[in-house]
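Written out below as structure tokens is the structure these notes cover.
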Amino acid sequence: MIWLLFAFLSASLLGFYDVFKKRSLSGNAVIPVLFLNTLFCSFIFLPLLPGIPFGGWQVQKYVVLKSLIVLSSWVFGYVGMKHLPLTLVGPINATRPVMVLLGALLVFGERLNVYQWIGVIFAVVSFFLLGRSGKKEGIYFSHNKWVTCVVLAALLGAVSALYDKFLMAPVENGGVGMDRMTVQSYYNFYQCAIMGVILLILWMPKRKESTPFHWDWCIPLISIFLSAADFVYFYALSLDGAMVSIVSMVRRSSVIVSFLVGAFLFREKNLASKAFDLAMVLIGMVFLFIGSL
């Protein structure tokens, strides 16, 4: 039960992370914002490195792959979020637990009880209803490249969630048995290095031909809230009995926070129909909680 409470805390932090990300990307260049995010995340974990096991290449090769998966998801997600309403991006991202659930059933053999399945059904239906609400704003999933970017980001995010479980599962259970802080700390540094190369090679030479970069104080807040959300998330997965499918599902309830901010701060449209869909998300989360007691 404790791991589920931490999953809800991670979801709340992740919701504010999405809000600050949307605010930072408004009229701004994507690549430097993403680079600064990875840079600030690296600074946050730098003081912790002396006490975190390195493990050599046999360990770090798994972390490098984690970095590539997450960074690919971020690139697609940042680009899509810049051009879509926050109240639409959240629901698309909320389909990620469905992908994780299917992967967890196939790869890890996880099983859900009746209450948890009811929660999943409510969540899945609500996610599709929220996606359908986007059509009222003239955004059609089938031929919108920004929607495609967000969907790809969600798919890669689901792959990352399953990979996390593999990394931290005990060796006797078929996992790598890695320390959660090793994963969270070092993958930030690898991402920063990769984004630094992308910034210098792809963005700098053509920066005057694309959207200019401007500083926004929400940019460091992206890193702070993301690091906190990921720290709590990894801790939840490391606890006994933690189920990756449920943790990932609850984590996507961050859409509640982003929805409220999108409604009251960004004043986005079609809030009445989306509010009903959001209520279904809340009902689904309640069933997930009851089923995990």
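Of all residue pairs spaced 6 or more apart or on separate chains, those with beta-carbon atoms under 9 Å, a first member in region 175-191 that is under 16 Å from Leu36 (Cα atoms) and assigned to a helix (DSSP H, G or I) and a second member that is modelled with pLDDT of 85 or more and charged (D, E, K, R) are Tyr187/Lys66; Tyr190/Lys66. Would you say Val244 is closer than 29 Å to Tyr62 by Cβ, β-branched (Val, Ile, Thr) and either out of contact with any strand residue (DSSP E or B) (no Cβ under 9 Å at 6 or more places or on another chain) or surrounded by 14 or more Cβ atoms within 10 Å (Cβ to Cβ) (or both)? Criteria met by Val244. Quick one: in region 210-223, which of the residues that are closer than 17 Å to Lys82 by Cβ and assigned to a loop (DSSP other than H, G, I, E, B) is least open to solvent (accessible area, probe 1.4 Å)? Looking at the filtered set, the residue picked out is Asp216.
Can you name the residue in region 163-174 that is modelled with pLDDT under 85 and among the aliphatic types (A, V, I, L, M) and, of all such residues, is surrounded by the most Cβ atoms within 10 Å (Cβ to Cβ)? Among those that are modelled with pLDDT under 85 and among the aliphatic types (A, V, I, L, M), it is Met168. When region 259-273 is filtered for residues that are open to solvent by less than 20 Å² (accessible area, probe 1.4 Å) and out of contact with any Pro (no Cβ under 8 Å at 6 or more places or on another chain), the ones remaining, listed by number, are Phe259, Ala263.
Listed by position, the helices (runs of 4 or more DSSP H) inside region 224-293 whose residues that are closer than 22 Å to Ser67 by Cα and either basic (Lys, Arg) or under 14 Å from the mean Cα position of the chain (by Cα) (or both) number at least 3 are 244-251. Taking the criterion of being within 14 Å of Ile31 (Cα to Cα) and either crowded, with 19+ Cβ neighbours inside 10 Å or at pLDDT 90 or above (or both), the residues of region 175-203 that qualify are Gln191, Cys192, Ala193, Ile194, Met195, Gly196, Val197, Ile198, Leu199, Leu200, Ile201, Trp203.
The values are calculated or read from the model by the stated rules, or taken from the named source; none is laboratory data. Every value quoted in this text rests on a predicted model; they were computed, and no experiment measured them. Here Cβ is always computed from backbone atoms with ideal geometry, including for glycine, and neighbour counts include all displayed protein chains. Note: areas computed on protein heavy atoms with side chains; ligands, DNA, RNA excluded. Shrake-Rupley method; radii C 1.70, N 1.55, O 1.52, S 1.80 Å.
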